[in-house]
Ligand SMILES: NC(=O)C1=CN([C@@H]2O[C@H](COP(=O)(O)OP(=O)(O)OC[C@H]3O[C@@H](n4cnc5c(N)ncnc54)[C@H](OP(=O)(O)O)[C@@H]3O)[C@@H](O)[C@H]2O)C=CC1
Ligand SMILES: CC(=O)[C@@H](O)[C@H](O)COP(=O)(O)O
Ligand SMILES: [Mn+2]
């Protein structure tokens, strides 16, 4: 039995992770679960999966869980997430929180030699310079990176010519600048193919998600940015591709369902049948289409390439500015295109520094948030 801990069990990836575990009761068991605000769902999950440890984000949630369960260890807040990362009995940590809040827990689990099933891309974007220096086993859960990981098995790393990340293009593919000016929150939350949490859904609409994924791919696979390409593929069936030196292109395909990459990260190097996973029927789908992304209009992707290439703290600023701006957009405090404007402005004001510690990351994140607040208030 492999023991799995889930950071962010109440979210979209967390719940899909639990659905995978439901199919393999003889192979996986839950050792720990975490949530932020949704303690009611966490309580239901505790009843079903009987974890030994849980972590919750709020005092109210802590009290409610404590009242109901006397036999589990309950942690709270950011330090609670870190403690989940330190659990010795755990075999695999599924990092399914949204945002760079997952950094410390992920680093703790890596230090302890645990397998990371990594969905939480913001953590790798912000802490890639630290994490890539550690001995680690990271199995990508992000659908594109799982596809690349699988496709890379067809050749040697030094034989890779290009990594081609596919992008759905989001709900605003083909829109004009004028049409993008007055996008509503409701429009931006309608992803054409995937049902995901609100933060990543907005990131998909701005193409910042693809930008984060470019940086994620750089850190995961140690590939230069000029070899990481993005191709818009509105059907989200080809999850990504690897082009090798002999011009052979290997792609991984499947229906858009996150249970597959989650399961592969749990079962790797084995593959297992799961009746819950939808079969791909290309005959029924008919056409697969591809087009180049519009980097001038969807500036989030262009800014991500620049931040990634600059390195030295720029990816931290890019990511944190975006996290804050997405919250403001969801709260209807800024407009859709202002996400790009403010990211660009805050990146322009940053002075690069070599990243060696988590404290540095936290400091840069704090300064970024302060700068943004000032910029927005002064506007
Ligand atoms: N959803 C998807 O299909 C995909 C997601 N990803 C990545 O996976 C990660 C999770 O995405 P998704 O599942 O969609 O997100 P959701 O918003 O659905 O879930 C986020 C989870 O993290 C918890 N959480 C949020 N903020 C905090 C915090 N400050 N402290 C502790 N816990 C917190 C939430 O708790 P609560 O609900 O209790 O408040 C929830 O359990 C992201 O990094 C995303 O980019 C990658 C590929 C696909
Ligand atoms: C499911 C997944 O991995 C998401 O990151 C997805 O890729 C988002 O779709 P976009 O291609 O629209 O960003
Ligand atoms: Mn993805």
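The values are calculated or read from the model by the stated rules, or taken from the named source; none is laboratory data. This is a predicted model, so every value here is computed, not measured. Virtual Cβ from ideal backbone geometry, glycine too; neighbours counted across all protein chains shown.
Only residues that are farther than 26 Å from residue 276 by Cα and surrounded by 14 or more Cβ atoms within 10 Å (Cβ to Cβ): list them for the range 22-37, please. Hit for the range 22-37 is 36, nothing else. Across the range 274-320, the number of residues qualifying as touching a helix residue (DSSP H, G or I) at 6+ places or on another chain (Cβ under 9 Å) and part of a helix (DSSP H, G or I) comes to 19. Within the range 130-175, can you find the residues that are in a strand (DSSP E or B), more than 14 Å from ligand 3 (Cβ to nearest atom) and assigned by TED's automatic domain parsing to the domain that holds residue 205? Hits for the range 130-175 are 160, 161, 162. Within the option set 229, 299, 279, 284, being assigned by TED's automatic domain parsing to the domain that holds residue 183 and free of Cβ contacts under 8 Å to residues at least 12 places away in the same chain holds for one residue only, 284. For the range 47-55, the count of residues that are surrounded by 19 or more Cβ atoms within 10 Å (Cβ to Cβ), without any contact (Cβ under 8 Å) to a residue 24 or more places away in the chain and part of a helix (DSSP H, G or I) is zero. Determine, yes or no, whether residue 63 is part of a helix (DSSP H, G or I) and more than 23 Å from residue 19 (Cβ to Cβ). Yes; evaluated as a whole, the condition is true for this residue.
If you go through the range 188-244 and keep only what is in a helix (DSSP H, G or I), over 18 Å from residue 313 (Cα atoms) and within 16 Å of ligand 1 (Cβ to nearest atom), you end up with 188, 198, 199, 200, 201, 202, 203, 204, 205, 206, 209, 210.
Of the residues 124, 118, 81, only one is over 23 Å from residue 203 (Cα atoms) and either in contact (Cβ under 8 Å) with a residue 60 or more places away in the chain or outside the structural domain of residue 45 (by TED's automatic domain parsing) (or both); which?
81
Applying the set (1) surrounded by fewer than 21 Cβ atoms within 10 Å (Cβ to Cβ); (2) closer than 24 Å to residue 146 by Cβ to residue 94 leaves exactly one unmet item: (1). Note on the range 99-130: residues that are surrounded by fewer than 24 Cβ atoms within 10 Å (Cβ to Cβ), within 13 Å of the chain's Cα centre (by Cα) and over 22 Å from residue 309 (Cα atoms) amount to 1. Taken over the range 196-213, residues that are surrounded by fewer than 24 Cβ atoms within 10 Å (Cβ to Cβ) and more than 9 Å from ligand 2 (Cβ to nearest atom) amount to 3. So is residue 178 outside any loop (DSSP other than H, G, I, E, B), more than 16 Å from ligand 3 (Cβ to nearest atom) and at pLDDT 95 or above or not? Spelling it out, residue 178 is indeed outside any loop (DSSP other than H, G, I, E, B), more than 16 Å from ligand 3 (Cβ to nearest atom) and at pLDDT 95 or above.
When we screen 370, 356, 365 for residues that are in a loop (DSSP other than H, G, I, E, B), over 16 Å from residue 208 (Cβ atoms) and assigned by TED's automatic domain parsing to the domain that holds residue 209, the only hit is 356.
Working only within the range 66-78, note down all residues that are part of a helix (DSSP H, G or I) and in contact (Cβ under 8 Å) with a residue 24 or more places away in the chain.
68, 78
Checked against the criteria, residue 239 does not count as surrounded by fewer than 24 Cβ atoms within 10 Å (Cβ to Cβ), in contact (Cβ under 8 Å) with a residue 60 or more places away in the chain and within 27 Å of residue 15 (Cβ to Cβ). Residue 15 meets the stated requirement of being touching a helix residue (DSSP H, G or I) at 6+ places or on another chain (Cβ under 9 Å) and over 15 Å from residue 91 (Cβ atoms). Do we find a residue being part of a helix (DSSP H, G or I), in contact with a strand residue (DSSP E or B) (Cβ under 7 Å, 6 or more places away or on another chain) and within 16 Å of ligand 2 (Cβ to nearest atom) anywhere in the range 93-112? Yes, there is a match, as at least one residue in the range 93-112 is part of a helix (DSSP H, G or I), in contact with a strand residue (DSSP E or B) (Cβ under 7 Å, 6 or more places away or on another chain) and within 16 Å of ligand 2 (Cβ to nearest atom).
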